[in-house]
Amino acid sequence: MMWVDRLARLLLLLYAAERGLKALALWDFFRRPAPVRGTAAWPAVTLLQPVTQGASNLAAVLAARARLHYDGRVQLLLICDREDAESQAVCRAHLAEFPGLDAQIILAAPDTAAGVALKVTKLLAGLTHATGAVLCFVDDDVLLPPDALQTLLPYLDQPGVGAVFGLACYTDWSNHGSALMSAFVNANALPSYVPLTYLSDPYTITGHCFALRREIFAAAGGLDGLGLHVGDDHMLAWRLQGIGLRCVQTPLIYRIENHFATRRAYAGQMKRWFIFPRQNLLPLLTPRQRLVSLLASVGNLIPGLLALLALLTRRRSAALASGISLGLFAALMAWIDRRFYRAATPWRHWPYLLLTALIAPFQVLGALLADDQVEWRGQRWRIQRGGAAR
């Protein structure tokens, strides 16, 4: 069984190198000076927010919009399904609480094929009312920090930039499903997305919150033809690359409160998150981009592989390597949580992070190998290759 000892040591060495390189990338990325703006006035911004029925903590999300510190004009468009009276009521209460906002509620008609107004349909309805020189698309579970726009927008002034986007930190630890999702995102978002930028320009957009100039959005074709498409953010990034522009990862970190009532809801979201890019984004990637994606994520499998090796062989070397790998995972996560997330993970919920290190990569692998059907907005959808949904 000497091969088990050698394999365990090799996997542990690879994981230690991977953790060290990712820590170095994060340290370097967040110490870079922000782009310096000239003396020109800050551009007017339109925040386009499609509101999903039953969105988690919508009132708090909207209150964060009202507290943005920005030296230019901000137009807020709250885009609701015409049949979603509950969300409309929350939005009206928000406008009454903050009467000084340049804000309005837009109603979108339901899509015939879906029975509800899908995200792209809402955005297209909102775009007809947008007046800002910069369009900022933001989801209804994103709690933006007060300086979000002033952090995000200077990167648009750099040459060749088409769109800019930020990084998510999940903060709902209220039950098992929500805690598992928060642990998964927080353990993977920064350690995956930021190091990826050292290997390649981002080839997709993190769709929670991103911004681009109105004329660039139009030149890239906007959201035309994406009504029943699940990867609008992926497709927009691809269209920007098609006109010679790049997407830029910025250091903006925003919080997300996304509640999952059950572990089944958590598993369904995990499947959707990886079926969508498998069917939509993967066919668009070049061989080099696929290799970069693999290099950035394959190390996540190592703690789980070592634990499995220890369980199957009962070798002390494998068990020791598994324990050390979890220690390396916890060390990097503790630094990220304190330095960048500002202690977003309560200590009593750290077991979820360790569980995520062991099982989540295999859940991702299972999702990538699963069938093309997902549960989405209370319905069952088949996601076709290319991203069209039925």
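Descriptive notes on the structure:
- Residues of segment 39-68 classified as loosely packed, with under 14 Cβ neighbours inside 10 Å and in contact (Cβ under 8 Å) with a residue 60 or more places away in the chain, total: 2
- Members of segment 333-352 that are assigned to a helix (DSSP H, G or I), surrounded by fewer than 19 Cβ atoms within 10 Å (Cβ to Cβ) and among the aliphatic types (A, V, I, L, M): A334
- Test: residue in segment 124-145 that is over 18 Å from F210 (Cβ atoms) and touching a Gly at 6+ places or on another chain (Cβ under 6 Å): no
- L95 being crowded, with 16+ Cβ neighbours inside 10 Å and in contact with a Phe, Trp or Tyr (Cβ under 9 Å, 6 or more places away or on another chain): no
- Checking G162 against (1) assigned to a strand (DSSP E or B); (2) within 18 Å of L21 (Cα to Cα), the condition it does not meet: (2)
- Here A318, A389 are screened, and the one residue that is buried (at least 19 other Cβ atoms within 10 Å of the Cβ), at pLDDT below 80 and not assigned by TED's automatic domain parsing to the domain that holds A168 is A389.
- Taking the listed residues A334, A343, A296, the one that is in contact (Cβ under 8 Å) with a residue 60 or more places away in the chain and either hydrophobic (A, V, I, L, M, F, W, C) or under 24 Å from A23 (Cβ atoms) (or both) is A296, with no other qualifying.
- Residues that are within 25 Å of R67 (Cβ to Cβ) and modelled with pLDDT of 90 or more, drawn from segment 99-126: P99, L101, D102, A103, Q104, I105, I106, K122, L123, G126
- So L308, is it assigned to a helix (DSSP H, G or I) and without any contact (Cβ under 8 Å) to a residue 40 or more places away in the chain: yes
- L291 vs. criteria closer than 25 Å to P191 by Cα, out of contact with any helix residue (DSSP H, G or I) (no Cβ under 8 Å at 6 or more places or on another chain), free of Cβ contacts under 8 Å to residues at least 12 places away in the same chain and assigned to a helix (DSSP H, G or I): yes
- From the list L368, L282, L326, the one residue that fits, being more than 30 Å from L118 (Cα to Cα) and either in contact with a helix residue (DSSP H, G or I) (Cβ under 8 Å, 6 or more places away or on another chain) or in the same structural domain as V116 (by TED's automatic domain parsing) (or both), is L326.
The values are calculated or read from the model by the stated rules, or taken from the named source; none is laboratory data. Note that this is a predicted model, so its numbers are computed, not measured. All Cβ positions, even for glycine, are placed from backbone atoms using ideal geometry, and neighbour counts span all protein chains on display.
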